[in-house]
Amino acid sequence: MNRDYKTFVLRDGVDLYYDETLEVAIFIFLATRKRIKLKIRKEFILLVSSMDGATILHDKFISYAFSSQEIKNFYNLLDYLYEHNILIEKDWIRLLDFDDDYIKLYDRHFKYLLDLTCGGIKEIELIQKRIFTTKIAIFGLGAVGASLARELVMLGFVNFLLIDYDNVDEQDISRNLIYNNLSINNSKTEICKKMLLSVNKHANITTKELILNTDTKLDFLDDYDFIINSANTPYIGYTSIKLSRYILNTKKILFICGGFDAHLASLGELIIPGITPCSDCYTTYFSKALQDWKPMPHPKQNRTKVFGGLSSLSLFSASAAAMQILKYFIDYNQANILGGRGEFLFDNYIVDKFEVPKDENCQFCKNLKSNMNSEVQ
């Protein structure tokens, strides 16, 4: 034990309950409902509950007449509680290595990270620095892409390239939570830029008017670390394959959004070179899984404007994507991410999920080694 616990406190976001009969303490993380149960003697719990950032524990030990071994056991308990973010330095948020404006804006975000991690303020500082320095490019600013951009800047991302070619029309504002009547006939990229800056005025936002086609040159993405495809035109399957092949020999990550036309409220997938299936793996999987499906010709040839939808379904996809991306940044070196898809079913309020394996014969990703083991700069 190398810490001076006299300035430590029981976290505001953790409730403590004690069963005297069983001598069991229950620590409940209020935001996530996570629970930790420990068998602890009552005197130890009384000491923990008295820690207010000013209490001198050695003075308390005298009243309980603890032996040197008991004191050692107690400090081992404090170490455990610190490592699980139950005890923390008083005024800990001021110790984070970010400027005051950033800390004030993301105060609740930092507190939630403490519930999700077990490494104290140094770990959440490392996670947030990854977020702060990552450069994100987003293709497609429709109902999912625009909402996801907003949620990402709310998570503390500040470097964005927003890519779209279209203006906002009347139909957009009925199922897009970003646009309104004042947005009609204005550029989606510029409207989204103003929206992100309204959340964080210090964000670094670049825009690009571009249609993502299979023949689009992608060298403008070379300086970006994390690419998001939410472009439903011409078809997200084609553009995802193009972006997937582009990132395979890089350290870039691709996230392909769900929630596009005819697949509302669906979950997206992370493409991590050398770890997850690539987009070609997904295409091969579905070409086999759906080989017996023979759709009949439809009398209406152009159906680009006929799919229905709700803003809540689009927001579901965007929010699920934001949480999946945050989870990736929390566990940056994870090597056990599975490929797969899922979709929220409105009728019975469940998410239907299934796994998509890597194609062992995929010519694009089968020989790749993981890019995730390199040192994070």
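The values are calculated or read from the model by the stated rules, or taken from the named source; none is laboratory data. Keep in mind that this is a model prediction, so the values were computed, not measured. Counting neighbours? That spans all protein chains shown, and the Cβs are built from the backbone with ideal geometry, glycine included. Ligands, DNA and RNA are excluded from the accessible area calculation, which covers all protein heavy atoms including side chains. Shrake-Rupley method; radii C 1.70, N 1.55, O 1.52, S 1.80 Å.
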Conditions (1) modelled with pLDDT under 90; (2) surrounded by 13 or more Cβ atoms within 10 Å (Cβ to Cβ) -> Asn333 fails only (2)
Of the numbered conditions (1) touching a strand residue (DSSP E or B) at 6+ places or on another chain (Cβ under 6 Å); (2) under 23 Å from Met323 (Cβ atoms); (3) outside any strand (DSSP E or B), Val153 satisfies every one except a single condition; which is it?
(1)
Out of everything in segment 245-268 that is within 16 Å of Phe139 (Cα to Cα) and touching a Leu at 6+ places or on another chain (Cβ under 6 Å), what residue ends up being modelled with the lowest pLDDT?
Gly258
Reported set for segment 31-42 where residues are touching a helix residue (DSSP H, G or I) at 6+ places or on another chain (Cβ under 7 Å) and either at pLDDT 95 or above or open to solvent by 60 Å² or more (accessible area, probe 1.4 Å) (or both) is Ala31, Lys34
Say we look at segment 199-227 and pick out the residues that are closer than 23 Å to Lys251 by Cα and in a helix (DSSP H, G or I); which of these is least open to solvent (accessible area, probe 1.4 Å)?
Leu221
Quick count over segment 275-285, residues being in a loop (DSSP other than H, G, I, E, B) and either open to solvent by 10 Å² or more (accessible area, probe 1.4 Å) or out of contact with any Gly (no Cβ under 6 Å at 6 or more places or on another chain) (or both), is 2
Selection over segment 174-189 where residues are in a helix (DSSP H, G or I) and farther than 14 Å from Gly145 by Cα yields a count of 4
Can you name the residue in segment 179-198 that is among the hydroxyl-bearing types (Ser, Thr, Tyr) and surrounded by 19 or more Cβ atoms within 10 Å (Cβ to Cβ) and, of all such residues, is nearest to Thr133 (Cα to Cα)?
Thr189
Just one of the numbered conditions (1) open to solvent by 70 Å² or more (accessible area, probe 1.4 Å); (2) closer than 20 Å to Ala318 by Cβ; (3) more than 22 Å from the chain's Cα centre (by Cα); (4) touching a residue at least 24 places away in the same chain (Cβ under 8 Å) is not true of Arg150; which one?
(3)
Criterion first (over 15 Å from the mean Cα position of the chain (by Cα) and touching a residue at least 12 places away in the same chain (Cβ under 8 Å)) does Asp101 satisfy it?
yes
Over segment 20-30, the set of residues surrounded by 12 or more Cβ atoms within 10 Å (Cβ to Cβ) and either farther than 18 Å from Cys118 by Cα or at pLDDT below 90 (or both) is Glu23, Val24, Ala25
Having 1 or more residues that are more than 33 Å from the chain's Cα centre (by Cα) and acidic (Asp, Glu) is the bar; report the strands (runs of 3 or more DSSP E) wholly within segment 1-57 that clear it.
14-19
Looking at segment 253-274, is at least one residue crowded, with 23+ Cβ neighbours inside 10 Å, in a helix (DSSP H, G or I) and in contact (Cβ under 8 Å) with a residue 12 or more places away in the chain?
no
Selected residue (only one of Thr239, Thr233, Thr250 is within 18 Å of Val144 (Cα to Cα), out of contact with any Lys or Arg (no Cβ under 8 Å at 6 or more places or on another chain), part of a loop (DSSP other than H, G, I, E, B) and of a type in the set (Val, Ile, Thr))
Thr233
Some residue of segment 171-178 being crowded, with 17+ Cβ neighbours inside 10 Å, closer than 30 Å to Arg3 by Cα and without any contact (Cβ under 8 Å) to a residue 40 or more places away in the chain
no
Verdict on Leu77 being under 30 Å from Ile227 (Cα atoms), part of a helix (DSSP H, G or I), open to solvent by 20 Å² or more (accessible area, probe 1.4 Å) and of a type in the set (A, V, I, L, M, F, W, C):
no
Criterion first (more than 18 Å from Arg341 (Cα to Cα) and either more than 22 Å from the chain's Cα centre (by Cα) or aliphatic (A, V, I, L, M) (or both)) does Lys242 satisfy it?
yes
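Condition check ((1) surrounded by 13 or more Cβ atoms within 10 Å (Cβ to Cβ); (2) more than 18 Å from Ser240 (Cβ to Cβ); (3) of a type in the set (Asp, Glu); (4) in contact (Cβ under 8 Å) with a residue 60 or more places away in the chain) across all residues:
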{"position": "Ser287", "(1), (2), (3), (4)": "no, no, no, no"}
{"position": "Pro299", "(1), (2), (3), (4)": "no, yes, no, no"}
{"position": "Phe307", "(1), (2), (3), (4)": "no, yes, no, no"}
{"position": "Phe316", "(1), (2), (3), (4)": "yes, yes, no, no"}
{"position": "Ala321", "(1), (2), (3), (4)": "yes, no, no, yes"}
{"position": "Tyr349", "(1), (2), (3), (4)": "no, yes, no, no"}
{"position": "Val356", "(1), (2), (3), (4)": "yes, no, no, yes"}
{"position": "Gln363", "(1), (2), (3), (4)": "no, no, no, yes"}
